[in-house]
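Written out below as structure tokens is the structure these notes cover.
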Amino acid sequence: MSAETAGPETLGSLSQEPDHQDPNSKQEKEFAGKSPLRIALGRLAKDKIAVVCAVVVLFFVICAAFAGPIADLFGVSLATPLASERVDGLNNSLPLPEMGPPNGPFTWDHPMGVAPQTGNDNLAYWLYGCRTSLLIATVATLVASLVGVIVGLLAGFLGGAVDKVLSFFIDMFLTIPFLLAALTLAPILNERFNLSDNYQTIQKLSLVGVLALFGWMGTARLIRGEVLALREREFVQAARVMGMPTSRILFKELLPNLAAPIIISVSLMLPAFVAAEAGLAYLGIGVSDGISWGQTILRAATPTYFRDYPQFLWQPLLGIVALVLALNLLGDAIRDALDPKTRR
């Protein structure tokens, strides 16, 4: 008695079934014999905005996954020997003219130019900053989604006292301001482990923990609501009558039917965490080792650099905007594609 035999159960949990249509109509023939996943993928393939956003997200994923090889391909790295000697004290502590626009022509030695004063290569720091943002946001999204799905499953299916207790914790965490909690917890964790040999790794893990700790509640409430509706369906009642263990009902019967809301929740949570990571780094409570878009923006957001060397600020800022915008639009497209009432 699996979820695959439930037919419309997979997508029907999101909304009511659409009105009956002529089985010989063009739309019905198009969906006939196709699984909900194939229907959703077909809708996404026809959505030009979704395709463009998917390409943009793929570009950033490739940049993050292969930051090292791409940097080697351009001949740049995080270590820039002699670069500081070439820029320090010269041209008002800005890069030399041959180091790229706006003070000089384009050069393949430093395609995005170099940073003021330090002489760090902007392209190398942009690539590794992309890796930092996506890595932290992805891990935090996975952890928050896992916690939210488990809590939502248990609260919705077990009900009673369990539902009341879990709902209390969900509401309690929702009342805590995220930024205030991050400003409080992150410095404490950083101060506790700042002398550790693995401080950079611990700092990233603590940031993942802070993001996940205050990011799982929305998923939990969404899954709880879906489970409250699904647990009254025939296939769940039949599984109970057959004496199927609760764990099997949760993870073999209910969980496959929750694929759509989980995917939607993840697609909307990821861009929020990307922006949050950069914002916390900009405030100085996130990644502070310098290899972060937020830290680069923090150093570049000074009147002198912004006026005389704007690309130092705009390069990471445009990266964040493009990535978050593409993820948000792609998440909206996925939500529409998984909606059974949408017929596009």
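Screening Leu317, Leu298, Leu283, Leu228 for residues that are among the aliphatic types (A, V, I, L, M), surrounded by 15 or more Cβ atoms within 10 Å (Cβ to Cβ) and farther than 20 Å from Asp121 by Cβ leaves exactly one candidate, Leu228. Residues in the range 158-173 that are modelled with pLDDT of 90 or more and among the aliphatic types (A, V, I, L, M): Ala161, Val162, Val165, Leu166, Ile170, Met172. Do we have Ser145 as under 21 Å from Leu230 (Cα atoms) and in contact (Cβ under 8 Å) with a residue 60 or more places away in the chain here? Spelling it out, Ser145 is indeed under 21 Å from Leu230 (Cα atoms) and in contact (Cβ under 8 Å) with a residue 60 or more places away in the chain. For Arg343, the conditions (1) within 28 Å of Asp47 (Cα to Cα); (2) at pLDDT 80 or above; (3) out of contact with any Gly (no Cβ under 9 Å at 6 or more places or on another chain) are fulfilled apart from (2). Taking the condition of being surrounded by fewer than 10 Cβ atoms within 10 Å (Cβ to Cβ) and more than 30 Å from Leu280 (Cβ to Cβ), how many residues in the range 157-178 meet it? Adding up the residues that qualify gives 2. Looking at the structure I just gave you, is Leu146 closer than 16 Å to Ala65 by Cβ, at pLDDT 90 or above and surrounded by fewer than 17 Cβ atoms within 10 Å (Cβ to Cβ)? No. Taking the range 258-313 as the region of interest, the helices (runs of 4 or more DSSP H) fully inside it that hold 1 or more residues being out of contact with any Phe, Trp or Tyr (no Cβ under 9 Å at 6 or more places or on another chain) and in contact (Cβ under 8 Å) with a residue 60 or more places away in the chain are 259-282, 303-308. Only one of the numbered conditions (1) in a loop (DSSP other than H, G, I, E, B); (2) buried (at least 18 other Cβ atoms within 10 Å of the Cβ); (3) within 25 Å of the chain's Cα centre (by Cα) is violated by Gly119, and that is (3).
Residues of the range 181-190 that are modelled with pLDDT of 75 or more and farther than 22 Å from Thr141 by Cβ: Thr184, Ile188. At least 3 residues being more than 30 Å from Phe251 (Cα to Cα) is the threshold, and among the helices (runs of 4 or more DSSP H) wholly inside the range 173-234 those reaching it are 178-192, 199-213.
Restricting attention to the range 179-191, the residues being in contact (Cβ under 8 Å) with a residue 24 or more places away in the chain and out of contact with any Leu (no Cβ under 9 Å at 6 or more places or on another chain) number 2. When you check Gly243 against the structure, is it in a loop (DSSP other than H, G, I, E, B) and closer than 24 Å to Ala272 by Cα, yes or no? Answer is no for this residue. Taking the stated definitions as given, is Asp109 touching a residue at least 40 places away in the same chain (Cβ under 8 Å), farther than 21 Å from Ile285 by Cα and among the acidic types (Asp, Glu)? Against the criterion (touching a residue at least 40 places away in the same chain (Cβ under 8 Å), farther than 21 Å from Ile285 by Cα and among the acidic types (Asp, Glu)), Asp109 does not qualify.
Summed over the range 48-71, residues that are within 18 Å of Leu268 (Cβ to Cβ), touching a Cys at 6+ places or on another chain (Cβ under 7 Å) and of a type in the set (Gly, Ala, Ser) total 0. Residue count for the range 192-233 satisfying the condition of being more than 26 Å from Gly148 (Cβ to Cβ) and without any contact (Cβ under 8 Å) to a residue 40 or more places away in the chain: 8. Scanning the range 160-170 for residues that are more than 22 Å from the chain's Cα centre (by Cα) and either free of Cβ contacts under 8 Å to residues at least 40 places away in the same chain or within 17 Å of Gly209 (Cα to Cα) (or both) yields a count of 7. Of the residues making up the range 191-221, those that are small (Gly, Ala, Ser), modelled with pLDDT of 80 or more and more than 12 Å from Leu280 (Cβ to Cβ) are Gly209, Ala212, Gly215, Gly218, Ala220.
The values are calculated or read from the model by the stated rules, or taken from the named source; none is laboratory data. Being a predicted model, the structure only gives us computed values, none of them experimental. For neighbour counting, all protein chains shown are included, and Cβ atoms are generated from backbone atoms with ideal geometry for every residue, glycine included.
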